[in-house]
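Following: one structure in structure tokens, then a few remarks.
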Amino acid sequence: MDDQGRTPSSDQPILYVLDTNVLIHDPNALLNFEEHHVAIPMTVLEELDKLKDGKHTVAAECRQAIRLIDKTLGDATPAQVERGVPIQRGKGDPKGKLSILMNKHGRAEDPLPSHLADNVIINQLLALKQGTPGTSVILVTKDINMRLKARACGLEAEDYSTDQLVDDVSLLSNGYHSVSGSFWDRVCKVDTRQDHGRTWHRVQLTEQLPHAHINEFIVDEQGFVGWIKGVRADELLILDMHQEPLLHQEAWGLKPRDVYQALALFALLDPDIHLVNLTGAAGSGKTILALAAAIEQTMVTKRYRRIIATRSVQGLDQEIGFLPGTEAEKWSLGWARSPTTSKPCTWMTKAPMAAWTTS
């Protein structure tokens, strides 16, 4: 299986053709197709050239992609560039080839009008497919509409998914396990002990929890909350947590509204947990609770001396967020808008937040 999740025939060469948006999305994309042939249409190089000027993120990605293409092609002759130049990968042997597809405009048999760059690329690939019947030609693009047009013309087209760590969000851990009924109905053996005012259970279950990990929580419908502190093949070590104290904990005046927010805040305030990953829908309170926990541990407990808030800038030039506010109001504070919008709310003791999870 190759990087695109396909299982190609071993005796049929594959030519992957990269669209402009793929190289902007991942400037190193041409290195991710293993032993296969990678081609970049001249139209894509022209679009990269138009977008490379400026200080915005897209321009920087274009320049990085152009530098890698130039480094890979090196001193190759025009004929070699058209046939394919071996792609050098570090100190190992070259793997795969990179070529540039030259534009051929105005052919009478082209199925699509050539006034659009996407159409020019599709027409070019259709001609290439007809001229090399033994080669599988595949267009790789992030543009859904372009993929649809290519497939309508009889051309294989795929999304670029090499850099996706998880292709289904449901596969991510929630950070907790919800148990129907009572958790103790699943326990066949338990050894309970008290230690410094804490209750520990070493349990064996009749039905194992799927993918249980240390620092995950167990929540049942009867009010039991447990914190997994040890995992073995046939048993779990669980710290018994009480819901009442969890729901009354505070961070810089901010209180959780349900047990799931309480567990997230508990994890954020625990000095033994070095990394907490919060997931949830837009507006569910991930930023505000994380900031409240950071301020509490910096200003009150003095555990830390500085807070560094960062956020990804990719995509912010197209998306301005889910929460209320005009475009001008959101852009007035630039990239740090989400943390700075949450900061005034940390002074309130009641903040409207929906349930969210920690993992």
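Tabulated values for the structure
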item: Gyration tensor verdict on the stretch 83-162 (Cα atoms; rounded if a/c is under 1.5, prolate if a/b is larger than b/c, oblate otherwise); result: prolate
item: Isotropic mean projected area of the C-alpha convex hull, the stretch 173-241 (nm²); result: 4.4 nm²
item: Cross-link pairs beyond the 29 Å C-alpha cut-off, checked among Lys55/Lys149; Lys55/Lys129; Lys50/Lys286; Lys55/Lys142; Lys95/Lys149; Lys91/Lys129; result: Lys55/Lys149; Lys55/Lys129; Lys50/Lys286; Lys95/Lys149; Lys91/Lys129
item: Order of Cys153, Cys62 under a 10 Å beta carbon neighbour criterion, fewest first; result: Cys153, Cys62
item: Residues Lys55, Lys286 arranged by fewest to most Cβ contacts within 10 Å; result: Lys55, Lys286
item: Relative exposure of Leu98, Leu278, judged by other C-beta atoms within 10 Å (fewest first); result: Leu278, Leu98
item: Protection-proxy order for peptides 85-94, 117-126, each taking the mean of Cβ atoms within 10 Å per residue, highest first; result: 117-126, 85-94
item: Extension gain (nm, one decimal) between His211 and Arg306, 0.36 nm per residue minus Cα-Cα; result: 30.7 nm
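Just so you know, all these numbers are worked out from the coordinates, no wet-lab data involved. Just so it is clear, the model here is predicted, and its values are computed rather than measured. Glycine gets a Cβ as well: all are built from the backbone with ideal geometry, and neighbour counts include every protein chain shown.
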